[in-house]
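The values are calculated or read from the model by the stated rules, or taken from the named source; none is laboratory data. Keep in mind that what you see is a predicted model, and the values were worked out from it rather than measured. Note: ideal-geometry Cβ built from the backbone for every residue, glycine included; neighbour counts use all protein chains shown.
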Amino acid sequence: MGDTALEKTAEELRHEIDELRRQQREITERLRDPRGIRRGGLSGAGPRNQPRRGFLRPAERNDVEDEPPAKRRLSSAVVKETQVEGEDVSKVDDGNETHVSAGENGNSDLRDRKLEGHRRGSWSQRDAEHRGVKKGFEAMELPEPAPRQLPKNEDPKLVNRNRRMLGNLLGTLERFRKEDKQLSGTDAYARRSAALQKAEQKAREESERLRLQERETLTEKRRRDLTLRARVAAKAEQKELELLFLRWCEQKKKLGNFIR
């Protein structure tokens, strides 16, 4: 009965220690991110003790073992050509199939080598032609852009209309400038400028006050979190000591029973 009560107390202590550790982790997370920007973003649902893994792209298989084997030309596929080109085969072809097959195999291997050399030569020739064409394009110079020929205004009415519109525009701008100069000396303009300056100054002061208030709030919150984390850590350490004491008592009891 006493062992059951002791085990139950130890289990409760472990549960309390886990809860205190969880609270301590939450407080540490709040201290790292006081504004809650990280918590409001992409928060994973996985366990806290496992780091997040990035997306792993499948590696490109460039191994030679994964590539399919190269195709080889069968000797039977070139029997007819070897019979036409090979002189030894035509001479020995008197019913002796053994010599003919040997000649065909030799000529087929020779033809395979010739085809391979021909392919390499064609590829090198294509590369050379491609490089030559590329160099030709690079060496080709683009023609310099010719100056644009502006159309001549042969119609005097169009020229006079453009000049008249430009003069009206300049006159309007000058009139606005004079009006602004006249209004700048009036009391209404001065009052409006003073009101705008006061509004801007008030907005700056309000922004600075809010910034200082937020800074003070974050400082106070950080101080409270630090104090709370220290208390939680002390309480968790106390629970661990209690659990250790219970284990020591249990071990001492077992050892006493063994000695008796």
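Would it be correct to say that L212 is under 30 Å from Q24 (Cα atoms), surrounded by 10 or more Cβ atoms within 10 Å (Cβ to Cβ) and in contact (Cβ under 8 Å) with a residue 12 or more places away in the chain? When the stated conditions are applied, L212 does not pass them.
Only one of the numbered conditions (1) surrounded by fewer than 11 Cβ atoms within 10 Å (Cβ to Cβ); (2) in contact with a Leu (Cβ under 6 Å, 6 or more places away or on another chain) is violated by K239, and that is (1). Just one of (1) farther than 30 Å from P34 by Cα; (2) without any contact (Cβ under 8 Å) to a residue 24 or more places away in the chain fails for L246. It is (2). Only one entry in L228, L183, L196, L169 is of a type in the set (A, V, I, L, M, F, W, C), surrounded by 10 or more Cβ atoms within 10 Å (Cβ to Cβ) and closer than 30 Å to D33 by Cβ, namely L228. Looking at R215, is it more than 30 Å from E19 (Cβ to Cβ), among the basic types (K, R), assigned by TED's automatic domain parsing to the domain that holds Q24 and at pLDDT 85 or above? Here the answer is yes, as R215 does meet what is asked.
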